[in-house]
Structure formats: structure tokens, C-alpha cells
Amino acid sequence: MKSERQEWMRNVKGTYDYLPDEQIERNRVVDQLRKIFESYGFNPIETPILSMEDVLASKYAGGAEIMKEVYTLSDQGERALGLRYDLTVPFAKFISLNKNDLSFPFKKYEIGKAYRNGPIKRGRKREFIQADVDVVGVSSIYAELEFFNMISYVANELDMKVTVKFNDRRILTRLLKLFSVPEKNMSNIILTIDKLEKLSREELVEELCEKGIANERGVELLNLLESEGNEELKTILACDELREFNKLMRMISEMNDENTRFLFTPSLARGLEVYTGTIWEVFVDHKDSLITSSIGGGGRYDNMIGNLLGIDEAYPAVGMTFGLDVIMEVMKDKGELAKKTIVDYLIIPMSGLESDLSGFSEKLRRNGIKLDVDYSGKRIKKILNRANKLNIPFVTVFGEDEVRDGKFKIKDMESGLEKEFTMSQFEEVSRYILKGRSQT
């Protein structure tokens, strides 16, 4: 039975601590994403986690459905606030507040925490990290193509096979018009369509019926959404409004990457109301992981920023997010969480010799070595056992002889081999350890 103190000290449901073995891998993934984003010319920004509740609740933001999961609070001035539920709405606010200081097209990335008081499952938490990439000021379909190329780059860097399902929200709205769905009800119907892979056919038909589409018509609608070769869909795709989307599909069909498969999916809806054109979601193939949630998704949202500003000026925008937490679940399935420390090199000084090694240690650190010195005074055998447990690749024990003679040996903990150096060979020692680190 848990003590009263243990109960008080628990984490809030849906939030977690991360030990070094997992956090090291999380940092590695974030660094890779950052490198990829910057290779496409996206610049870093940062926005506040706290937001005015009115901004989050705006009909031009995430819509009424998402507000059910928003954490709300108030400050000492009794202002109604909320924790951001994604990074897109804060970015739209960022543009509206800073538009006079920005040069368009504006390309940015932001990696940060967001919060949703929603259901919890593997890969879905209430405090989570998103990595968002967006461009504002570009209407061209080539912006979407760049994001699809980026997805392939990410899949290759993270060594995973993915399927990118894509669609266009205008296809859905035109299809719903064929079923005489009033425009004011379309967003609500699309929320149901978005559950196509989560609910049974019977549950979907029942929900559509509750929203005004009779049973038979509901079945017909679902059949159309799941069959991309039907005549209604072909007619919709042939309209002028979707000419650019057809161009995108042709360009996607010419992309050739063994780790990335692109799949036109007419039923893909993405629940948020902000999307105005192309939408997509990224799923990991089952051979890499049993995770069924998407690891990323995005789309075009041309109206959000202008609507938030209350002006008719166009701010065409397209962007996507990668979910770090669901990506990390894939990494676990792939057995990627092996490294338990960032330390490259451990020095174990015998008692009384600690100060003799201070200058030597600092020079190696300034050469890029992640170096730790064990000042615990424990027995050498116990320290070496700990080094093995943490997978520290290189270790040196410094005794009086090593300090007096100015010579020491670095032990490769994996092979057991030892290599001798002098205390003045800072560059040689650094190269040796860095080379060994790159091979692990």
C-alpha cells in the first residue's frame, strides 16, 4: 500500500519522468529533426505555453471540439488563460503580433511542449512535445511537395518505413455537397469522417445519422470515401479548384524512396477546422512498430491568420508537426534505447590525486570530450562495474605512478584493449576517444 507521501509525490496523470537512457534518445531525435528543418531553410522561434483562453477558443483556431481537452486556468488578475494544445495556434498569433517585423515568405520551426486533457494511450500523453514546421506567404503547391520530401528525409534519418496518407479538404466538402449537407454542418460531419479507422461501420453510420445523414445515405457516403475509383470522386478531382492538387499527386507519384510510401486517401479528414486544402498524416509501417497512431501530420490553413487578425488580407500557410512522444514509442519498439549515459570517458583518480587531474580534464572537455571524473572514493572494482552498467566506452584509473611518470592507459571497456598516452597528448587522446565514440 502506498504511503501518504508517495501518493502526494506522484506525477500528474499523463505526464512522465524520463531517465537518461530515454532522454538521451529523445535529445538525439530532436537534434536530427532540427538539423533537417534547418536544411530546408526553416528558422527557429519560440512561443509562450500560456495563452489567452479566447485565442485558443476562437472559431478560427482549433474549433469547439478541441476545447474539451484544453487546460484552463486564471492568473492573479483573474484573466482567463489556457495551456496551448498545439503549436499552430500560437504560431498564428505570433504572425499577427510580429507581422511588421517579418519578411514573407516566412519559414519557421518550433519544438516545444503542448498540453491536452484527453484520453491517454501508448504514444499519447497529456504533456507532450511537438516539432512544428510552417511556411507563411506561399500559395504554391510546391510548398506541400517540400514537406513530403522532408518526411522522406526524416524517415531515412530515423531509419523507419512510413506511409503518408494524403487528401484535400476540398474533396470532402464537395463530396458532402453531393449529399446535400448544409455548409454549417460540414465541420461536424468531417469530425465523424475523421473517426473512420477508429469506429466500426455501424458506429459511424449511427453517428452520421445523429448528425442528419440517413442510414442508407451514410453507408453510401462511407463507401464513396473508401473507394477512390468511383465516378463521383473522379468528377470532383477534375474540377478547376483541384488542378493544383492533381499536379501535386503527379509529382508525388514520381518520388522514389524505399522508406516512404505515399497513399491518396479520400477518407482522410483531420479533425481540426482550420484546414483549407491539402492534408496528410504519417504512419509507421507495422514491421517497424505496432504503434497505430500517426507520428506526424499537417496541411494547408490559408484562412486562420487573416481571420485571427480580422482582416481580408491573405496569409496562405502550410505546415506540419512531428510528435516526439509517439516517435519515441517507435524507437523503443526498434530497440533504440541502449545508451544510458552521454559520458565518453571516465577518469578514476586515486585518493589525493584529484587536483592533479583538473587541468588535464578541462583541456579534454574543451576538445569536445564528454568527460566525467569519479570523486566518490569508492573501490575501483565498484566504479568499473558502474561504468560497464552505464556503457561508458573509455576509462582510465589514475594512480601515483601515472601522475608521476606523466603516462597513462585508456581502457576500451568493450574490447578490453588498452592504449598508452602521455599527459601532454591532449589532441591524440581527444581524437582517439572521438573516433571510438563515432563507432559506438
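The values are calculated or read from the model by the stated rules, or taken from the named source; none is laboratory data. No experiment lies behind these values; they were computed from the predicted model shown. For neighbour counting, all protein chains shown are included, and Cβ atoms are generated from backbone atoms with ideal geometry for every residue, glycine included. Ligands, DNA and RNA are stripped out before the accessible areas are found, and what is left, the full protein with its side chains, is counted by its heavy atoms. Shrake-Rupley method; radii C 1.70, N 1.55, O 1.52, S 1.80 Å.
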The answer for the range 176-331, accessible area per residue at 1.4 Å probe in Å², is 48
Run the helix sum for the chain: -39,500 (n - 2.57) per DSSP H stretch of 4+ residues, divided by residue count, reported at 222 nm to the nearest 500 deg cm²/dmol. -11500 deg cm²/dmol
Give the residue list of trypsin sites (Lys or Arg not before Pro) in the range 8-54 that are DSSP loop and have at most 11 other beta-carbon atoms within 10 angstrom. Arg10, Lys13
For the chain, what % of the accessible area comes from carbon and sulfur atoms, probe 1.4 Å? 47
Based on Cα positions only, what radius of gyration and what Dmax would you give for the range 226-294, in angstroms? 14.1, 40
Quick one: grab the alpha carbon gyration tensor of the range 41-198, order the square roots of its eigenvalues as a ≥ b ≥ c, and give me rounded if a/c is under 1.5, else prolate or oblate depending on whether a/b is larger than b/c. rounded
Radius of gyration, Dmax [the range 257-315; alpha carbons; angstrom]: 15.4, 48
Where Rh is the Kirkwood radius over the Cα pairs of the range 205-364, the temperature 4 °C and the viscosity 1.567 mPa s, what D in µm²/s does Stokes-Einstein return? 61
Overall dimensions of the range 323-440 as given by Cα atoms, namely Rg and Dmax in Å: 15.9, 54
Restricting to Cα pairs under 8 Å and 6 or more apart, the percent relative contact order of the range 322-436 works out to 28
Probe 1.4 Å, heavy atoms of protein chains only: per residue, the accessible area of the range 83-146 in Å² is 39
Sorted on mean Cβ neighbours within 10 Å (highest first), peptides 206-217, 169-180, 410-421 come out as 169-180, 206-217, 410-421
With a 1.4 Å probe and every protein chain left in place, work out the accessible area per residue of the range 334-440 in Å², rounded to a whole number. 61
Ratio Rg/Rh [Cα only; Rh per Kirkwood] for the range 162-256: 0.99
How much accessible surface area, in Å² rounded to 10, belongs to the heavy atoms of Ser293 with a 1.4 Å probe? 30
Orientation-averaged projected area, Cα convex hull of the chain (nm²): 29.1
How much of the calculated P(r) for the range 8-81 lies past 16 Å, in percent of all Cα pairs? 71
Tell me the Kirkwood radius of the range 97-174: reciprocal of the mean inverse pair distance over distinct alpha-carbon atoms, in Å. 15.8
Can you tell me what share of the DSSP beta bridges in the chain is antiparallel? A percent to the nearest 5 is fine. 75
Can you tell me the equivalent ellipsoid semi-axes for the range 311-372? Use √(5λ) from the Cα gyration tensor, largest first, whole Å. 46, 21, 8
Scoring only Lys, Arg, Asp and Glu (+1, +1, -1, -1) among other residues with Cβ under 11 Å from the Cβ of Leu346 yields 0
At most 11 other Cβ within 10 Å, DSSP loop - GluC sites (Glu not before Pro), the range 254-362: Glu254, Glu258, Glu313
Return the subset of Lys35/Lys334; Lys125/Lys332; Lys161/Lys332; Lys68/Lys195; Lys370/Lys411; Lys108/Lys165 for which the Cα-Cα distance in this structure is over 20 Å, preserving the input order. Lys35/Lys334; Lys108/Lys165
Semi-axes of the equivalent ellipsoid of the range 387-435: what are they in whole Å, largest first, if each equals the square root of 5 times a C-alpha gyration tensor eigenvalue? 19, 14, 8
